[in-house]
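The values are calculated or read from the model by the stated rules, or taken from the named source; none is laboratory data. Because the structure is predicted, anything quoted here is derived from the model rather than measured. Positions of Cβ are backbone-derived with ideal geometry, glycine not excepted, and every protein chain shown enters the neighbour counts. Note: accessible area is taken over every heavy atom of the protein model, side chains too, but ligands, DNA and RNA are not part of it. Shrake-Rupley method; radii C 1.70, N 1.55, O 1.52, S 1.80 Å.
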Amino acid sequence: MKIYNTLTRKKEEFVPIREGEASIYVCGPTVYNFFHIGNARPFVVFDTLRKYLEYRGYKVKFVQNFTDVDDKIINRAREEGIKAPEVSSKYIKEYFLDAAALNVRKADVHPQVSTHMNEIIEFVKTLIDKGVAYERDGDVYFSARKFPEYGKLSRQNIDDLESGARIAIGEIKEDPLDFALWKARKSEDEIGWESPWGIGRPGWHIECSAMSKKHLGDTIDIHAGGQDLQFPHHENEIAQSECCNGVPFAHYWMHNGYITIDNEKMSKSKGNFFTVRDILKEYSGEVIRFFLLSGHYRNPINFSDTLMEQARASLGRMENCKEQLEFLEKEGKDGAMTAAEAEAVEGFDRYRQEFIKAMDDDLNTADGISAVFQLVTAINTAVNSETTKEFAAKAMETLMELADVLGLLQQKSEDALDEEVMKLVEERQEARKAKNFARADEIRDILKDKGITLKDTPQGVQIIKE
Ligand SMILES: [Zn+2]
């Protein structure tokens, strides 16, 4: 598999540290609110990366953190008159609900800042001992200039960065480029932990360095996140980790592109801010997932009703194929596949290979989805009134093999043909066989009222939903 590595700005062959294994760290959400469609993109994209690497036989260890100590959480707690941990535990629960709706699997570890305070403090101590960090009145800062490669991920010159950097009010750092590893508590009611520098809490960047080290080791295969995290977050993670551990932090850096809403930047003030929880009222989680995977992960993607409707219709074609096969697995002909069917099944491998080729090319889910649609077309063409159960089962196996990697067709479709409809279709077939055309026509009318049209073709009955 080739992966576009932000660090080298090149597509590179994925060569893991340990053969057959892959360690992945993804920067997770700050848990002070429901996550929005922009946050959802890395969750879905890198969940698909994980599923694909597993499909290719890798044993993947996948870590995604929760930032549960942060100003935003503290502010939200003040607004609501509750304690900060109540805010974070509430939104961690909500995260899992929405992630499940998107078919995003739980990570192997979801570390939280609040439960990794010892590791974080140890990490900061090491940086001070190594002379790359210093303490000032209970704050601890990292000296960016002590890391000669500072700026290597975002390809920025340290002097250019210097001229753009500012020291914020309340910060007592030596150099505007330095960043906080530990922040002294400002007031008694603020959440804080005991440390060698007094009561305080960690800066944002240090958590990922400390938690990645603890759960995945000093050097990992892939570190991933949204494009907006490249600088300063990931740049600072690299500086901290490489100074502390003396080895490269991550071999591959993957970043997903932005999401715009109706071609505008998403922002609360513009009123075009959509949480996944809100979108789920209109569209199923699988439609949202399909939409997020329909473009290449590095390209920007635009969220609009028109595109979501297109996603719904496209996913519907896949769902119809699956439902048709489910029906034929039960109601198809008994006995062995015909020669034509066996040939068709053999032909399916072409689409599997197309799919793998696309996904191997820097996780090109857009082309991967196209390969699945080619398979769907091939299946639809092969299916007729003589279709055997065996053929239906083989076709289903291939369809689900690919759909599972994309995390699609896992849920019952919202407008799936329900049992009642399928029973009516069957009854109509029976009636026609028994030449009871009055009953057959009656059933056709009942189905028509449900928005379902039956078309008798030489290949058998086609079920068309409105
Ligand atoms: Zn991070």
**OP:** Determine, yes or no, whether Lys455 is open to solvent by 40 Å² or more (accessible area, probe 1.4 Å), on the phi > 0 side of the Ramachandran plot and not in a helix (DSSP H, G or I).
**Re:** no
Subject >> Hey, Gly335 closer than 28 Å to Val60 by Cα, touching a residue at least 24 places away in the same chain (Cβ under 8 Å) and of a type in the set (Gly, Ala, Ser) or not >> reply: no
Subject >> Selected residue [within 30 Å of Val276 (Cα to Cα), surrounded by fewer than 17 Cβ atoms within 10 Å (Cβ to Cβ) and assigned by TED's automatic domain parsing to the domain that holds Thr48] from Pro85, Pro148 >> reply: Pro85
**OP:** Looking only at region 262-270, decide whether some residue is modelled with pLDDT under 95, open to solvent by less than 60 Å² (accessible area, probe 1.4 Å) and not acidic (Asp, Glu).
**Re:** yes
Original post:
Does Gly131 fit the bill of being surrounded by fewer than 16 Cβ atoms within 10 Å (Cβ to Cβ), modelled with pLDDT under 95 and not acidic (Asp, Glu)?
Top reply: no
Original post:
Which condition number in (1) assigned to a loop (DSSP other than H, G, I, E, B); (2) closer than 30 Å to Asp362 by Cβ; (3) out of contact with any Phe, Trp or Tyr (no Cβ under 9 Å at 6 or more places or on another chain) is the one that Asp160 fails?
Top reply: (1)
Subject >> Complete set of residues in region 98-113 that are surrounded by 21 or more Cβ atoms within 10 Å (Cβ to Cβ) and either of a type in the set (D, E, K, R) or in a helix (DSSP H, G or I) (or both) >> reply: Asp98, Ala99, Val113
**OP:** Kindly indicate whether Leu7 is within 16 Å of the ligand (Cβ to nearest atom), more than 30 Å from Lys90 (Cβ to Cβ), of a type outside the set (Val, Ile, Thr) and crowded, with 16+ Cβ neighbours inside 10 Å.
**Re:** yes
Subject >> Count of residues meeting criterion [open to solvent by less than 60 Å² (accessible area, probe 1.4 Å), in a helix (DSSP H, G or I) and away from the ligand (no atom under 14 Å from the Cβ)] in region 39-82 >> reply: 15
